[in-house]
Each structure stands twice: as C-alpha cells, then as structure tokens.
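Computed from the coordinates by the stated procedures, all read-outs in this text should not be read as laboratory data. Just so you know, these numbers come straight off a predicted model, no measurement behind them. As a convention, Cβ positions derive from the backbone with ideal geometry for all residues, glycine included, and neighbour counts pool all protein chains shown.
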Amino acid sequence: MTTLNLSVNGELRTLQPAPIPSCLDSVIKALDHNPKSVVVEHNGVIIPRSRWQSEVVQEGDNLEIVTIVGGGS
C-alpha cells in the first residue's frame, strides 16, 4: 500500500492508500472535496478543471483548495 504526503492548505495530509493514478482529480476526491465546488492551486499555479485528470500530484506537493460558496444579500 502506498501513501501520498501533501501539504493541503498549509497542513500536512497523508492519503493512505494513495489514489491511483495520483491525478489532481483523484486526489481532490480522496480528500473528500466536491470537485464541482472548489478551485485548486497546485504548487503555486491555479489548475483549470479541464486539466485535473492529467495533472499529476507527487509526494511533497502543495495544494491550496478553496471552496466556492454561493449566496448573496
């Protein structure tokens, strides 16, 4: 069983087992985020959702995940 250690929003997170493949789309789901309601920065670059299936996440990478919340006054 493999593990994947990441920094997610400034906190060390370990995914065990690591998602295979370790694409951004799989990692977001493994972290229990709804892919339709988040914006993700991977190692300092905002990744468009259209590239999540091809964006490889590796050991020690940094993710910033921001949840989009709708609403208004």
Cβ-based net charge around E41, under 12 Å, with every Lys or Arg adding one and every Asp or Glu removing one = -3
Whole-Hz ³J(HN,Hα) from phi, Karplus 6.51 cos²θ - 1.76 cosθ + 1.60, for region 6-17, glycine and proline x = 9, 9, 10, 6, x, 10, 5, 10, 10, 9, 9, x
How many angstrom lie between the C-alpha centres of region 35-73 and region 19-34?
-> 11 Å
Label selected from (i) 137; (ii) 74; (iii) 92, the criterion being volume of the Cα convex hull per residue in Å³ as computed here | (iii)
Any idea what the dipole of region 2-73 comes to, in debye rounded to 20, about its Cα centre with Lys/Arg Cβ at +1 and Asp/Glu Cβ at -1?
-> 240 debye
Take I47, I28 and order them by how many other Cβ atoms sit within 10 Å, fewest up front.
-> I47, I28
